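Just so you know, all these numbers are worked out from the coordinates, no wet-lab data involved. If you're wondering where the values come from, they're calculated on a predicted model, not measured in any experiment. When we count neighbours, we look across all protein chains shown, and the Cβ atoms used for this are built from the backbone with ideal geometry, even at glycine.
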Amino acid sequence: MGGFAARKEPAQGVALPLHAKALALEDTQGHRVVIVTLDLLGLTGPVVDRLAAAVERRYRLGRDRLLLCSSHTHSGPVIDDQLAVAYDLSRAQWDAIRAATRRIETQVEEVVGKALASIRPVRLRSGQSSAAFAGNRRTAFPGGPTDHAVPVLSVERPDGSRLAILFGYACHNTTLTAEFVRYHGDYAGVAQAELEHRHPGVTALFLAGCGADQNPSPRGSVELVNQHGKALADAVDRALGEARPVAGDQLRAAFTTVTLDCSPPPPAETWRARLQDSNPYVRRHARLMLDAIARDGQVQASEPAPLHALGIGDLNLVALSGEVVVDYALAIKRTYGSSTWVAAYTDTVFGYVPSVRVLREGGYEGGEALLYFGRPGPFADSVERTMMEGVEGLLATVRTA
């Protein structure tokens, strides 16, 4: 199971089924986009590259028009070699994980095709409400910045009956902790299931927001995960009750990959010394860095970060890769309007993306967690500027006049 280094047991069954879902939209000019939502911790670069290539080859859907959005549940399967430093697994177990990853890729490719084959006339409505169970985990609850917005897109038949609900929230999907050893979509999975129960025939899809430094509060039990999931479903229903028609019928998509520079790494002698550290994660990480130096002559100097923007009529969606702290969502909304939808965990989840504030404060989200992702260390101070300049360029392309 992916997400917690402290979890030592394999999955003991399924408590709540995990899903891959897809929403395909096409405008009157034939422009299409597909948003895929996955009950997974995240995807790696190689997995995203394979999926994007397969979808383009099979369905002629370009890279800019495919969004692969993970819920970041910590009660799903390990994907590819993500967080490999965190897990003490045998070669046979890693082989099984890679085989399972390929099966999941096939399922995702198939669900994209099913969504595209199901396109029919619809009307769209959008709305927003709020839910209050997320708190900034870097500060004493309830202090610290948060984003409690619950954005919603309702997909409806011409007669007003509902086909799908796309909704988001900025909070780590970690109500269930390392002691829980059954597959489960956490609060986002509960919210989707609850909405599909309340609205028969509807597909509910979740987009994780910039919740890298946000935790559910309280957390730690199945009762609490159900409580938070139903609270989020209630917020979605409130937003649906006040949703307005999306103005305009054009789909606009923009995509780029920005380069996030890493801070200068320590010399090889430092990595060699860490091979003797008492912490097994530090030892594994040091071995990974020394292997990179032996293979490439240096450790990784930068990280490619895919960024998407969609214009759906007059609704604008920004989708960022990585585990992005809430400062980014708040900054984007200040600049481009509070109705701008900001998602994270899209395409590759390569580690935490701190703001300059969080980077300088340090701590887990500021750079320490990158050890588990097999990265050499913190990002450079340019990280926030690079991300925001990328967003600015994308929104200049997709925003309506």
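The table for this structure:
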item	result
Efficiency of FRET between Arg198 and Arg283 - r from beta-carbon atoms, R0 41 angstrom, step 0.05	0.25
Kirkwood-based Rg to Rh ratio, the range 171-274, C-alpha trace	1.16
With eigenvalues of the C-alpha gyration tensor scaled by 5 and rooted, the range 1-64, Å	32, 15, 9
Pair Thr335, Ala11: separation of 7 Å Cα→Cβ label points (nm)	3.8
In degrees, nearest ten, helix 326-336 long axis to first principal axis of the chain (Cα)	40
Antiparallel content of DSSP bridges confined to the chain, in %, to 5	70
With Cα atoms, 0 to 90° folded angle of helix 383-398 axis to the chain main axis	20
Lysine pairs meeting the criterion (Cα under 29 Å, 8 or more apart or interchain), as found in the chain	5
P(r) tail fraction, the chain - alpha-carbon pairs more than 41 Å apart, %	10
Dipole magnitude (debye, nearest 20) for the range 244-285, charges at Cβ of Lys, Arg, Asp, Glu	160
Per-residue ³J(HN,Hα) for the range 147-159, Karplus 6.51 cos²θ - 1.76 cosθ + 1.60, θ = phi - 60°, Hz, x for Gly and Pro	9, 8, 5, 10, x, 9, 10, 9, 9, 10, 5, x, 7
Relative packing of peptides 154-162, 57-65 - highest average C-beta neighbours within 10 Å first	57-65, 154-162
Euclidean distance of C-alpha centroids, the range 235-302 and the range 125-155, integer Å	24
0 to 90° range, to nearest 10: angle between helix 91-117 axis and the chain longest Cα axis	20
Per-peptide average of other Cβ atoms within 10 Å, ordering 240-249, 192-201, 74-83 highest first	74-83, 192-201, 240-249
The range 137-188 shape via C-alpha gyration tensor axes, a/c threshold 1.5	oblate
Relative packing of peptides 229-235, 164-170 - highest average C-beta neighbours within 10 Å first	164-170, 229-235
Amide H contacts under 5 Å for Leu260, placed H, 5+ residues apart	Glu303, Ala305
